[in-house]
Amino acid sequence: MAEQDCIFSKIVKGEIPAQKVYEDEAVLAFLDINPISDGHTLVIPKQKYEKLDECPAEVLGQLASKLGKIAQAVAAATGCDGYNVLCNNGRAAGQLIDYVHFHIIPRNEGDGVFHRWPHFQYPTGKIEEIAAKIRENIK
Ligand code: AMP
């Protein structure tokens with residue numbers, strides 16, 4: 001999608017409204033318009049990258065250095081029992097907007113949103129095999 005058509009690029013440029021909760025020269029945070037819970041917040045870099053692995057380290061550093069501070073404010077404002085920080089990458093992982101973003105999702109005991117995702121045990125030898133492949137691909 002062309003950058004001028006991207007919803008989050010438009011929010012950064014002030015072309016469409018958003019409930020902004022934090023802004024500096026590199027980072028913007030605003031409320032999700034279709035929240036999972038009250039205070040569900042999105043944190044984005046002001047420069048557009050589609051996925052986490054495309055973000056330069058400097059941009060990731062700027063984002064990461066603000067995530068905790070924003071999460072603390074979201075938690076204090078909503079009085080939630082906990083929160084999830086999620087970054088969906090790719091359609092298979094649920095990414096709908098191709099502009100990297102972190103969700104901060106306030107959670108409360110028994111809210112039924114999700115508790116544990118399905119998991120399994122590796123068959124013998126597979127965990128070592130996969131770890132070796134990932135190590136080979138670290139650039
Ligand atoms: P994802 O599925 O990780 O790509 O999440 C995209 C999120 O952006 C969804 O939770 C949407 O509700 C949210 N969203 C879409 N349009 C807007 C908008 N104009 N303002 C705020 N949040 C939005």
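The values are calculated or read from the model by the stated rules, or taken from the named source; none is laboratory data. Because the structure is predicted, anything quoted here is derived from the model rather than measured. Positions of Cβ are generated from backbone atoms using ideal geometry, with glycine treated the same way; all protein chains shown enter the neighbour counts. Calculation scope for accessible area: heavy atoms of the full protein, side chains included, ligands and nucleic acids excluded. Shrake-Rupley method; radii C 1.70, N 1.55, O 1.52, S 1.80 Å.
Residues that are surrounded by 13 or more Cβ atoms within 10 Å (Cβ to Cβ) and part of a helix (DSSP H, G or I) within the stretch 70-83 comprise ILE70, ALA71, ALA73, VAL74, ALA75, ALA77, THR78, listed in sequence order. Inspect all residues belonging to the stretch 65-73 and state whether any of them is closer than 13 Å to THR41 by Cα, modelled with pLDDT of 95 or more, touching an Asp or Glu at 6+ places or on another chain (Cβ under 6 Å) and more than 15 Å from the ligand (Cβ to nearest atom). No. Note on the stretch 87-123: residues that are more than 9 Å from the ligand (Cβ to nearest atom), touching a Leu at 6+ places or on another chain (Cβ under 9 Å) and part of a loop (DSSP other than H, G, I, E, B) amount to 1. Of the residues in the stretch 2-25, at least one is surrounded by fewer than 15 Cβ atoms within 10 Å (Cβ to Cβ), part of a loop (DSSP other than H, G, I, E, B) and at pLDDT below 95.
For GLN62, the criteria (1) without any contact (Cβ under 8 Å) to a residue 24 or more places away in the chain; (2) under 13 Å from PHE102 (Cβ atoms); (3) more than 15 Å from the ligand (Cβ to nearest atom) hold in every case but one, which is (1).
In the stretch 90-115, what count of residues is obtained for those that are open to solvent by 50 Å² or more (accessible area, probe 1.4 Å) and not small (Gly, Ala, Ser)? Counting residues in the stretch 90-115 that are open to solvent by 50 Å² or more (accessible area, probe 1.4 Å) and not small (Gly, Ala, Ser) gives 8. Taking only the stretch 107-135 into account, find how many residues are in contact with a Phe, Trp or Tyr (Cβ under 9 Å, 6 or more places away or on another chain) and within 17 Å of CYS87 (Cβ to Cβ). Within the stretch 107-135, residues that are in contact with a Phe, Trp or Tyr (Cβ under 9 Å, 6 or more places away or on another chain) and within 17 Å of CYS87 (Cβ to Cβ) number 1.
Each residue in the stretch 30-46 was checked for being away from the ligand (no atom under 11 Å from the Cβ) and surrounded by 15 or more Cβ atoms within 10 Å (Cβ to Cβ), and 5 of them qualify.
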